[in-house]
Amino acid sequence: TTSKSLEMIGNILLPAPAQLLSHRLSLWNRRPRPGPWCSLSKQGHRFLSTLIATDSDDISATRHLLRKFVGSSSKHVALSTLSHLVSPTTTSHYRLCSLALPLYLEISEASWFDWNSKLVADLVALLYKLERFDEAIILVAETVSKLGSRERDLCSFYSQLIHSQSKHNSERGVLDFCTKLKLVLLRSSSVYLKQRGYASMVEGFCLIGLPRKAEELMEEMKELGLKLSKFEFRSLVYSYGKSGYLRDMKRIVVEMESMGFQLDTVSSNMVLNSFGSHNELSEVVSSLQKIKASGVPFSIRTYNSVLNSCPTISLLLQDLKSVPLSLGELMGNLDENEAILVKILVGSSVLEETMQWKPSELKLDLHGMHLTSAYVIILQWFHQLQCKFLAENRVLPGEIIVVCGAGKHSVVRGGSPVKRLIKEILLQIGCPLRIDRKNVGCFIAKGKSFTEWLSNYNATIHEWIS
């Protein structure tokens, strides 16, 4: 039964030998991790802080805290805390993550608990990361027994396991559960299940940086008479590109297009990002020109992918007090390739899509933009506003707002690089936009004062802007 299996797991949750524990902890601490506990509730944060302060050798005290927390918490608080512990981006140290399974055992006994295979898959992936394979095997066996002979549910569970393992970058986990999923698919007569199962295996190998394994699976799909979709090609394009196999990436793009799958915005951004991250600036230029000619719309991520590949812009942004303050001045600092890229980008409709122009307010939203993109967009925005103001004699709304975020998701909480950049630029050009007292993630100004400033803003109109 479930309770007996879980009891077996609990019985083997004993402290690891000191030497092994020290080794595991040293490996764990080498992994790069982002800022602390932003998604946790206050109650969950207090609970984890209490666990950290508790003597790790006092098992009974730890179990008492776990039981008390689950008993006094809502379903949302308990599950969000568990989700934090099993997340691949968790900042918790080894001991906290090793308590994810005992916490799950307590939660599974709560009256409100609804069993679901995805939660089990995420927990198994964490146990693989912690090298607690015995507990992981018991959890998987218990779930497989629960699902019985239901093919669709079994395939879904193994697909969830592969996805969870790939998020933790576990090659062993992906290989283990791809093998198990293949066995289920071989016994199945359902084309639908085979299509979905192979797609999840292709994605898994792509996510852990094994695109050649993924391509072998795609060849198997062809042999089995299964249809390849844009999903598999897109995953493979990005995996080859991210891994630095740029020639293979280009080969797959050609094959993808020959099968009738044209590059869309997402796929195009993957290609641009891959070339840019490997310093192939000339390839970024030629790719962006082809994308523009094909009519594929740009996005904020296109700006991010392209501008992050421009070394001059990145270098200029290292000293915010001396950055160029107009598009014309910026263009004068760029080399030929970078100038071409900026010219193509500012000729797109991305800026219009990030603006909201209402009778009552004009809002520019910089969310989702990297520092390079926010820099070019704000200069482009000032330039375009001056064009409309002077050439079209338009009246600006009563309130002007620039949304840059308060830095909740920054490496240093509250220290938004985009906010610092915008603040410095506004200060240097004397713009009346000021931080909103009600929302520190926004800059705000009255339309009248902004209009007066804009009419005197010395930004030269350049013919190269399309």
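The values are calculated or read from the model by the stated rules, or taken from the named source; none is laboratory data. Model, not experiment: these values are computed from the prediction. No Cβ is skipped: glycine too gets one built from the backbone with ideal geometry, and neighbour counts run over all protein chains shown. Surface areas here come from the heavy atoms of the whole protein model, side chains and all, with no ligands, DNA or RNA. Shrake-Rupley method; radii C 1.70, N 1.55, O 1.52, S 1.80 Å.
Pairwise Cα distances in the stretch 278-423 exceed 19 Å for 55 percent of all pairs. Sorted on the mean count of surrounding Cβ atoms within 10 Å across their residues, most packed first, peptides 224-237, 312-325 read 224-237, 312-325. When the solvent-accessible area of the chain is split by element, carbon and sulfur atoms take up 53 percent of it, the probe being 1.4 Å. Here Arg63 and Asn116 are evaluated by their C-beta separation; at R0 = 25 Å the FRET efficiency comes out at 0.55.
Ellipsoid fit via the Cα gyration tensor, the chain: semi-axes of 47, 31, 19 Å, each the root of five times an eigenvalue, largest first. Applying 1/(1 + (r/R0)^6) with R0 = 45 Å to the Cβ-Cβ distance of Ser294 and Arg434, what FRET efficiency is obtained, to the nearest 0.05? After rounding, the FRET efficiency stands at 0.60. Within the chain, DSSP assigns beta bridges of which about 65% are antiparallel (rounded to the nearest 5). With R₀ fixed at 30 Å, the C-beta to C-beta distance from Leu246 to Glu216 puts the FRET efficiency at about 0.90. Using θ = phi - 60° in the Karplus curve 6.51 cos²θ - 1.76 cosθ + 1.60, the 3J(HN,Hα) couplings for the stretch 169-179 round to 6, 9, 5, 4, x, 4, 4, 4, 8, 5, 4 Hz; x is entered for Gly and Pro. Each residue of the stretch 191-203 was assigned a 3J(HN,Hα) from its phi angle through the Karplus curve 6.51 cos²θ - 1.76 cosθ + 1.60 (θ = phi - 60°); the sequence is 5, 4, 5, 5, 4, 5, x, 5, 4, 5, 5, 4, 4 Hz, with glycine and proline shown as x.
Accessible surface for the chain, divided over its residues, is 50 Å² per residue with a 1.4 Å probe. Each of Ser348 and Asp134 was given a label point 7 Å from its Cα along the Cα-to-Cβ line. The distance between the two points is 5.4 nm.
For n ≥ 4 DSSP H runs only, could you compute -39500 (n - 2.57) per run for the chain, divide by its residues and tell me the 222 nm figure to the nearest 500?
Calculated mean residue ellipticity at 222 nm is -20000 deg cm²/dmol.
Seen from all directions on average, the stretch 156-269 presents a Cα convex hull projection of 6.8 nm².
Relative contact order, whole percent, for the chain stands at 9, derived from Cα pairs under 8 Å and 6 or more residues apart. Around the Cα centre of the chain, unit charges on the Cβ atoms of Lys, Arg, Asp and Glu (plus for the first two, minus for the last two) sum to a dipole of about 960 debye.
For the stretch 334-395, the spread of Cα coordinates along the three principal axes comes to 39, 28, 15 Å, biggest extent given first. So how tilted is helix 246-258 from the main axis of the chain? Cα-based, degrees 0 to 90, rounded to 10. Approximately 90 degrees, to the nearest ten.
Annotation: lysines with alpha-carbon distance below 28 angstrom to Lys292 (same-chain offsets under eight excluded): Lys230, Lys242, Lys250, Lys343, Lys363, Lys388.
Less than 5 angstrom separates the built amide H of Glu399 from those of Glu361, Leu362, Gly447, all sequence-distant by 5 or more or on a different chain. In terms of the mean number of neighbouring beta-carbon atoms within 10 Å, the peptides 344-352, 433-441 order highest first as 344-352, 433-441.
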